[in-house]
Every structure is written in structure tokens, then in C-alpha cells.
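These notes concern the structure reproduced below.
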Amino acid sequence: MSVRAHHHGETAAGAAGHSGPTTMPTSGPLVDRYGRVHDDLRISVTDRCNLRCVYCMPDEGMSFLPRRDLLSFAEIERVARVARGLGVDAIRLTGGEPLVRRGLVELVSALSSLGFADIAMTTNAMQLAGVAPQLAAAGLKRVNVSCDSLRPDRFASIRRRGELSTVLGAMDVAEACGLTPLKVNVVLMRGRNDDEILDFAAFARQTGRVVRFIEFMPLDAQGEWGPEQLVPGREVRDRIHEVYPLEAVSGPDRVAPAERLRFRDGRGEIGLISTVSEPFCGTCNRLRLTADGSIRNCLFSDEDHQLRDVLRSGGGDEEIAMILRRAVWAKFPGHAINEPDFLRPHHSMSMIGG
Ligand code: SAM
């Protein structure tokens, strides 16, 4: 387990206030030292993917976990059940690409019987159309579909595999199955797709889908991220606002990472996920279960709280609960990306689960 001292930075942008408990609670919700309650669990079901998006993986040569290292569905369900007992009420399935893991519908069914208020999935939608009805019937509530360009050739150059028409078709099917509100994740990269900001705004207006512009984060497996490739959320907001006036949406969704904005004429909504330029760590409520069974308290942490060995050596629910509590308690106030001594985590997005 490696911990980077600079992550402790009390001055980290977006840091939480110091209103939390002074000792780790052994009952009640999953709360950290800064008073942040963790009720949202992201579950990566695989590190594998059928695409090779430029901001995530190299075209060739990505190595993946051996099958035996992945948690089984029964193991995932067990962790989710314990988390539910600790107040977690939202689950998101992610990866890698969750739909490349066989039998995902059964996992959704099992999770939905545990009583979560929300079960969602983030997907590249290459295999979504065929399975959307079964996923909805099994209890999946909604999907976020990644789509970084509305131009077929551009789409192909960013994602390297698959076709835009497959993704757009899958969005229609998902909506017809009630997997709504459908959100569209767009990772913006300077000089690559930032000339499509207004096209995506128009798309949001035409379709009613919530387009979320995500800042490129230093989590690509190739290590090619640089701040010059970042398109700050503020710039996106200004460019859209000039053409289609926007206003803030205030609502109960306070802890969502996206800054929600709607078009003033009432025709649709966008979101800005400005992880790098405007960190929202102060309201972070997320925990992550990696495909190989570790708990991560932050995308940018290098600290693994291993659960798999405990699960496989007969550990009890109490032991699992304590690992979840310790992982939350160890969370730093902020991700510190913008501090001079920031070190990238060794794990990339597809390994942690985005
Ligand atoms: N395969 C699924 C998909 O494409 O949606 C789920 C996993 S993917 C890692 C989850 C989200 O992370 C996607 O919206 C993807 O665009 C985003 N993502 C991946 N690498 C990123 C990076 N370096 N910076 C910002 N977002 C990234």
C-alpha cells in the first residue's frame, strides 16, 4: 500500500471542511473525517473493454487481469449487501466496459433485490441495444452512454473501434426501455473534439438527453495527459451560453459531480464535470470497488483497501464492513491534481472503474 504524503494537503482545492467526527465511527453511515457521508458505490465489473478510446487506453498492448482475480458476481453482491447495510443507496456499474462481462443481467437482478434507490450503469453502448430490455426488467434504472463525437469519422478516430451509429441506435433503444434520464458522457480534448461543443449542446436540446462535458483527467493508461489538452468547464459554459443562454439548475442533486445547467428557453440540460479545474471533492460521496476487489476512496488515490482476500478466506460481514469504514476514514480532503507535486495514480481509469 503506498500513500503519497502530498495527498494530505489541507489546502487541496475543493477540500472538505473539518466538520466530521474525530474518531472512526463503528456504527451508522460511512462518514469520513471531514463529515462527508458516502452513499454511492461505483462497481467496476471488469477492466476489459471492447474499445480503445484515446483518453483511456493504448491502441495495442493493454494487459488485463486474469479471470481468477476478478470478483465473482456472488462476491460483488456480498460487498454491495454489506454496503447497503452501511447506508449506501446508489450503485453504478462500470469498468472497463461492463457489458463485456457475461451474465451482467443476473448481477443487476441480484443487486436490485437489495433495495438500492438507484442502480445505474456507465457504458460505451456498443452492446447495449440487444440487452437493454433485459437490463431494465432486471432493475437497472438508467444509463450514461459515452459518446465523444457526433461525426462518424471523428468518433472512429477517438474510440478506435466501433461505430457512432451503433451508439446512437442504442441510446434510442435504452430510452424506449425506460432507462432514463439518459445522460451522454463527452470527454473533451483540446484540438480533438472541442469544436463540437455547440453541436453537442444542440443535440441535448433536440433529444432531451443530458450531455455531460467531462474534463480530460490524468488517468489514461498511456500517461499522455497534459494540461494543455484540457478544456475547462468554464470555457464550455461560456461558449454554449453565448449561443444558447444557460441558467443553473438548483435541486436535490447537490452531491452530483456535475454542475447542472439548463437552457433558459426550457429545452434541455447539460452538465459540466470539471474534476480538474473546479474540483468538487468537498461534496464527494463516492466509493469504488475495483474489478479485482479493492476499495478505492478516490479516483486519484493510490491506496488499495483489499477486500478480495478477506472475501475468499471466509471473512465475515463485520470484517467487510470495517474495511469499507477504514477506506472511507482514510480519504483525503482533496485530489490535489493541481498541486505541483501531484503524482498520477498507478492505476488508470479502466482499472479503477470510471
Ligand atoms: N466503458 C464504459 C464507458 O465507456 O462509458 C465505462 C467505463 S469508462 C472508464 C467511464 C467513463 O470514464 C466514460 O465516460 C469515459 O469517457 C470516461 N473516461 C475514461 N478515461 C477518462 C479520462 N482520462 N478522463 C476523463 N474521463 C475519462
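The values are calculated or read from the model by the stated rules, or taken from the named source; none is laboratory data. Please read all numbers here as calculations on a predicted model, not as lab measurements. Neighbour counts run over all protein chains shown; Cβ positions are idealised from the backbone, glycine included. Keep in mind that these areas ignore ligands, DNA and RNA; they rest on the heavy atoms of the full protein, side chains included. Shrake-Rupley method; radii C 1.70, N 1.55, O 1.52, S 1.80 Å.
Taking only the C-alpha atoms of region 77-228, the Rg (one decimal) and the largest Cα-Cα distance, Dmax (whole number), read 16.4, 47 Å. Dipole of region 127-230 computed with +1 at Lys/Arg Cβ and -1 at Asp/Glu Cβ about the Cα centre; of Ser165, Ser146, Leu128, farthest Cα towards the positive end is Leu128. Spread over its residues, the convex hull of the C-alpha atoms of the chain is 133 Å³ per residue.
Between Thr283 and Gln134, the modelled labels are 3.8 nm apart [label points 7 Å from Cα along Cα→Cβ]. Annotation for region 278-349 versus region 166-240: alpha-carbon center distance of 26 Å. In a simple Cβ point-charge model (Lys, Arg +1; Asp, Glu -1; nothing else charged), region 209-291 has a dipole of about 420 debye relative to its Cα centre. By the Cβ-Cβ criterion of under 4.7 Å, the unpaired cysteines of the chain are Cys49, Cys147, Cys177, Cys281, Cys284, Cys298.
For the chain, the share of accessible area belonging to carbon and sulfur comes to 51 percent (1.4 Å probe, ligands and nucleic acids excluded). For the chain, the share of DSSP beta bridges that are antiparallel, to the nearest 5, is 30%. For the chain, with the dipole built from +1 on Lys and Arg beta-carbon atoms and -1 on Asp and Glu ones, taken about the Cα centre, which of Met62, Leu261, Gly85 lies farthest toward the positive end? Highest projection toward the positive end goes to Gly85.
What number in nm² do you get for region 246-353 if you take the convex hull of its Cα atoms and divide its surface by four?
About 8.9 nm², averaged over all directions.
Hey, can you list the DSSP H helices of the chain whose Cα span along the axis is 24 Å or longer and whose average Kyte-Doolittle score is at least -1.0?
None clear 24 Å together with a mean of -1.0.
Per DSSP helix of 4 or more residues, -39500 (n - 2.57); summed, then divided by the residues of the chain. What does that give at 222 nm, rounded to the nearest 500? Dividing the helical sum by the residues of the chain leaves -8000 deg cm²/dmol. About its Cα centre, the chain has a charge dipole of approximately 600 debye under the convention of +1 per Lys or Arg Cβ and -1 per Asp or Glu Cβ, with nothing else charged.
Work from the charge dipole of region 180-267 (Cβ charges, +1 for Lys and Arg, -1 for Asp and Glu, about the Cα centre) and give the residue of Pro218, Tyr244, Val187 farthest towards its positive end. Result: Tyr244.
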